[in-house]
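Step one of this worksheet: look at the structure below.
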Amino acid sequence: MHMAMKRILGREGGYPDFYELRDELISMYGVQSANVGEVLREVCPKYRLRYQETDERGARSAVAEKRPVIAMFQLSDTELGDFHKFYRRNPRGMLRKVHLKHSTGPQGTGTELRGHAVVLTSFNSISLRLMNSWGSDWADGGFFRVQNAAVLGLSFYDVFWDEQDLLSPEIEAYRRGPEQKSRRN
(Lines give C-alpha, C1' and ligand atoms only; values in the text may rest on other atoms or scores of the structure.)
Protein backbone atom coordinates (compact mmCIF):
# COMPACT_ATOMS: atom_id res chain seq x y z
CA MET A 1 0.00 0.00 0.00
CA HIS A 2 2.86 2.32 0.81
CA MET A 3 4.38 1.86 -2.65
CA ALA A 4 1.00 2.45 -4.33
CA MET A 5 0.52 5.71 -2.44
CA LYS A 6 4.03 6.88 -3.32
CA ARG A 7 2.96 6.76 -6.98
CA ILE A 8 0.47 9.62 -6.34
CA LEU A 9 2.33 12.81 -7.21
CA GLY A 10 1.70 15.64 -4.74
CA ARG A 11 -0.45 13.40 -2.51
CA GLU A 12 -2.75 15.59 -0.40
CA GLY A 13 -1.71 15.23 3.24
CA GLY A 14 1.61 13.68 2.24
CA TYR A 15 2.53 10.03 2.45
CA PRO A 16 2.23 7.92 5.58
CA ASP A 17 5.55 6.79 6.94
CA PHE A 18 6.25 3.16 5.98
CA TYR A 19 6.93 2.13 9.57
CA GLU A 20 3.81 3.88 10.89
CA LEU A 21 1.71 2.10 8.25
CA ARG A 22 3.36 -1.22 9.10
CA ASP A 23 2.76 -0.69 12.83
CA GLU A 24 -0.87 0.25 12.15
CA LEU A 25 -1.41 -2.99 10.22
CA ILE A 26 0.31 -5.06 12.90
CA SER A 27 -1.82 -3.47 15.64
CA MET A 28 -4.96 -4.21 13.61
CA TYR A 29 -4.13 -7.74 12.42
CA GLY A 30 -1.16 -9.02 14.43
CA VAL A 31 2.05 -10.45 12.99
CA GLN A 32 0.66 -13.90 12.12
CA SER A 33 -2.16 -15.20 9.96
CA ALA A 34 -3.73 -12.02 8.56
CA ASN A 35 -5.86 -12.66 5.49
CA VAL A 36 -4.44 -10.42 2.75
CA GLY A 37 -7.80 -10.05 0.99
CA GLU A 38 -9.45 -8.91 4.24
CA VAL A 39 -6.63 -6.49 5.02
CA LEU A 40 -6.83 -4.92 1.56
CA ARG A 41 -10.65 -4.77 1.65
CA GLU A 42 -10.60 -2.94 4.98
CA VAL A 43 -7.53 -0.72 4.64
CA CYS A 44 -7.30 0.30 0.95
CA PRO A 45 -10.38 2.58 1.03
CA LYS A 46 -8.89 4.52 3.96
CA TYR A 47 -5.95 5.47 1.73
CA ARG A 48 -7.98 5.89 -1.49
CA LEU A 49 -6.47 2.76 -3.02
CA ARG A 50 -7.96 -0.15 -4.93
CA TYR A 51 -6.89 -3.73 -5.39
CA GLN A 52 -7.80 -6.70 -7.50
CA GLU A 53 -6.85 -10.34 -7.47
CA THR A 54 -4.96 -11.28 -10.62
CA ASP A 55 -3.06 -14.12 -12.23
CA GLU A 56 0.65 -14.29 -13.07
CA ARG A 57 0.16 -12.58 -16.41
CA GLY A 58 -1.76 -9.70 -14.80
CA ALA A 59 0.86 -9.46 -12.05
CA ARG A 60 3.65 -9.20 -14.61
CA SER A 61 1.70 -6.51 -16.46
CA ALA A 62 1.17 -4.51 -13.26
CA VAL A 63 4.87 -4.72 -12.35
CA ALA A 64 5.81 -3.61 -15.89
CA GLU A 65 3.59 -0.56 -15.25
CA LYS A 66 5.47 -0.01 -11.96
CA ARG A 67 2.54 -0.98 -9.73
CA PRO A 68 3.14 -2.99 -6.54
CA VAL A 69 1.84 -6.54 -6.52
CA ILE A 70 1.35 -8.62 -3.38
CA ALA A 71 2.11 -12.31 -3.89
CA MET A 72 0.92 -14.95 -1.47
CA PHE A 73 1.79 -18.59 -1.00
CA GLN A 74 1.14 -21.42 1.42
CA LEU A 75 3.58 -24.15 2.36
CA SER A 76 3.56 -27.05 4.78
CA ASP A 77 6.15 -27.02 7.56
CA THR A 78 8.33 -29.48 5.62
CA GLU A 79 8.05 -27.43 2.41
CA LEU A 80 8.91 -24.31 4.40
CA GLY A 81 11.99 -26.13 5.69
CA ASP A 82 13.02 -26.94 2.10
CA PHE A 83 12.36 -23.32 1.13
CA HIS A 84 14.60 -21.96 3.89
CA LYS A 85 17.31 -24.55 3.25
CA PHE A 86 17.40 -23.72 -0.47
CA TYR A 87 17.92 -19.98 0.08
CA ARG A 88 20.43 -20.54 2.90
CA ARG A 89 22.55 -22.58 0.48
CA ASN A 90 21.71 -20.56 -2.68
CA PRO A 91 20.85 -16.97 -1.67
CA ARG A 92 20.81 -15.87 -5.32
CA GLY A 93 19.41 -19.13 -6.66
CA MET A 94 16.15 -19.66 -8.51
CA LEU A 95 13.73 -21.95 -6.70
CA ARG A 96 12.06 -24.65 -8.80
CA LYS A 97 9.36 -27.12 -7.77
CA VAL A 98 11.98 -29.89 -7.58
CA HIS A 99 13.64 -28.02 -4.67
CA LEU A 100 10.54 -28.53 -2.53
CA LYS A 101 11.27 -32.21 -2.03
CA HIS A 102 8.56 -32.67 0.55
CA SER A 103 5.88 -31.03 -1.55
CA THR A 104 2.39 -32.33 -0.86
CA GLY A 105 1.01 -30.53 -3.90
CA PRO A 106 -2.07 -28.36 -3.98
CA GLN A 107 -4.35 -31.31 -3.13
CA GLY A 108 -2.37 -32.36 -0.07
CA THR A 109 -4.79 -33.35 2.68
CA GLY A 110 -4.30 -33.39 6.40
CA THR A 111 -1.30 -31.09 6.17
CA GLU A 112 -1.50 -27.69 7.80
CA LEU A 113 -0.30 -24.95 5.46
CA ARG A 114 1.32 -21.72 6.55
CA GLY A 115 0.62 -18.64 4.47
CA HIS A 116 3.04 -15.85 3.72
CA ALA A 117 2.81 -12.63 1.70
CA VAL A 118 5.67 -11.05 -0.27
CA VAL A 119 5.94 -8.38 -2.97
CA LEU A 120 6.60 -9.14 -6.64
CA THR A 121 9.22 -6.57 -7.65
CA SER A 122 10.40 -7.67 -11.10
CA PHE A 123 10.60 -10.54 -13.54
CA ASN A 124 12.44 -11.72 -16.63
CA SER A 125 11.96 -14.55 -19.10
CA ILE A 126 13.14 -17.19 -16.61
CA SER A 127 12.05 -16.06 -13.13
CA LEU A 128 10.05 -13.85 -10.80
CA ARG A 129 11.90 -11.74 -8.22
CA LEU A 130 10.15 -11.18 -4.92
CA MET A 131 10.85 -9.11 -1.82
CA ASN A 132 10.41 -10.83 1.53
CA SER A 133 9.83 -9.25 4.93
CA TRP A 134 12.41 -11.29 6.81
CA GLY A 135 15.15 -8.67 6.64
CA SER A 136 18.15 -8.02 4.44
CA ASP A 137 20.16 -10.91 5.94
CA TRP A 138 17.77 -13.43 4.37
CA ALA A 139 18.53 -14.82 0.87
CA ASP A 140 19.71 -12.12 -1.57
CA GLY A 141 19.42 -9.00 0.59
CA GLY A 142 15.82 -9.88 1.46
CA PHE A 143 14.89 -10.78 -2.14
CA PHE A 144 14.46 -14.18 -3.76
CA ARG A 145 13.71 -15.69 -7.16
CA VAL A 146 11.34 -18.45 -8.23
CA GLN A 147 10.99 -20.00 -11.67
CA ASN A 148 7.28 -19.11 -11.95
CA ALA A 149 4.11 -18.70 -9.89
CA ALA A 150 3.38 -22.44 -9.97
CA VAL A 151 6.51 -23.27 -7.93
CA LEU A 152 4.98 -21.80 -4.77
CA GLY A 153 1.36 -21.72 -5.94
CA LEU A 154 1.50 -17.92 -5.86
CA SER A 155 -1.66 -15.86 -5.99
CA PHE A 156 -1.48 -12.12 -6.62
CA TYR A 157 -3.13 -8.83 -5.67
CA ASP A 158 -2.50 -5.72 -7.78
CA VAL A 159 -2.69 -2.58 -5.57
CA PHE A 160 -3.40 0.66 -7.44
CA TRP A 161 -5.37 3.89 -7.61
CA ASP A 162 -7.56 5.29 -10.34
CA GLU A 163 -7.65 8.92 -11.46
CA GLN A 164 -11.16 9.26 -10.01
CA ASP A 165 -9.69 8.43 -6.56
CA LEU A 166 -7.42 11.49 -6.68
CA LEU A 167 -8.16 14.92 -5.21
CA SER A 168 -7.98 18.00 -7.48
CA PRO A 169 -4.34 18.94 -6.68
CA GLU A 170 -3.31 15.31 -7.16
CA ILE A 171 -5.08 15.18 -10.53
CA GLU A 172 -3.21 18.33 -11.61
CA ALA A 173 0.12 16.82 -10.53
CA TYR A 174 -0.77 13.55 -12.30
CA ARG A 175 -1.63 15.35 -15.53
CA ARG A 176 1.59 17.40 -15.39
CA GLY A 177 3.39 14.09 -15.05
CA PRO A 178 6.68 13.09 -13.48
CA GLU A 179 8.63 15.30 -15.87
CA GLN A 180 7.27 18.37 -14.09
CA LYS A 181 8.17 16.93 -10.72
CA SER A 182 11.71 16.22 -11.90
CA ARG A 183 12.17 19.74 -13.17
CA ARG A 184 11.01 21.26 -9.88
CA ASN A 185 13.39 19.22 -7.70
### Task
Pairs only if they're at least six apart or on different chains, beta carbon under 7 angstrom, first in region 12-29 and among the hydroxyl-bearing types (Ser, Thr, Tyr), second surrounded by 12 or more Cβ atoms within 10 Å (Cβ to Cβ) and outside any loop (DSSP other than H, G, I, E, B); list them, first residue then second.
Tyr15/Met5; Tyr15/Lys6; Tyr29/Val39
### Task
Sort out which residues of region 66-81 are crowded, with 17+ Cβ neighbours inside 10 Å and of a type in the set (Asp, Glu), and write them in order of number.
Glu79
### Query
How many of the residues making up region 1-42 are touching a helix residue (DSSP H, G or I) at 6+ places or on another chain (Cβ under 7 Å) and assigned to a helix (DSSP H, G or I)?
7
### Query
What number of residues in region 46-96 are touching a residue at least 24 places away in the same chain (Cβ under 8 Å) and among the small types (Gly, Ala, Ser)?
6
### Summary
For Val63, the lone unmet condition from (1) over 15 Å from Ser155 (Cα atoms); (2) modelled with pLDDT of 85 or more; (3) surrounded by 15 or more Cβ atoms within 10 Å (Cβ to Cβ); (4) not polar (S, T, N, Q) is (1)
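Would a scan of region 145-152 turn up a residue that is exposed (fewer than 13 other Cβ atoms within 10 Å of the Cβ), β-branched (Val, Ile, Thr) and either at pLDDT 95 or above or outside the structural domain of Asp82 (by TED's automatic domain parsing) (or both)?
Checking region 145-152: not a single residue is exposed (fewer than 13 other Cβ atoms within 10 Å of the Cβ), β-branched (Val, Ile, Thr) and either at pLDDT 95 or above or outside the structural domain of Asp82 (by TED's automatic domain parsing) (or both).
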### Query
Among Gly81, Gly115, Gly93, which is modelled with pLDDT under 90 and of a type in the set (Gly, Ala, Ser)?
Gly115
### Message
Just to be sure before I move on: is Asp158 at pLDDT 85 or above and in contact with a strand residue (DSSP E or B) (Cβ under 8 Å, 6 or more places away or on another chain) in the structure I sent?
### Response
yes
#### Entry: Residue ID - farthest from the chain's Cα centre (by Cα), chosen from residues in region 35-79 that are under 27 Å from Glu20 (Cα atoms) and of a type in the set (Ser, Thr, Tyr)
Tyr47
### Query
Of the conditions (1) over 22 Å from Asp158 (Cα atoms); (2) surrounded by fewer than 17 Cβ atoms within 10 Å (Cβ to Cβ), His99 fails just one. Which one is it?
(2)
### Message
Checking the conditions here, which among Arg92, Arg41 is exposed (fewer than 13 other Cβ atoms within 10 Å of the Cβ) and either assigned by TED's automatic domain parsing to the domain that holds Ser133 or of a type in the set (A, V, I, L, M, F, W, C) (or both)?
### Response
Arg92
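The values are calculated or read from the model by the stated rules, or taken from the named source; none is laboratory data. Predicted model only: the values in this text are computed from it and were never measured. Cβ sites come from the backbone with ideal geometry, for glycine too, and all protein chains shown count toward neighbours.
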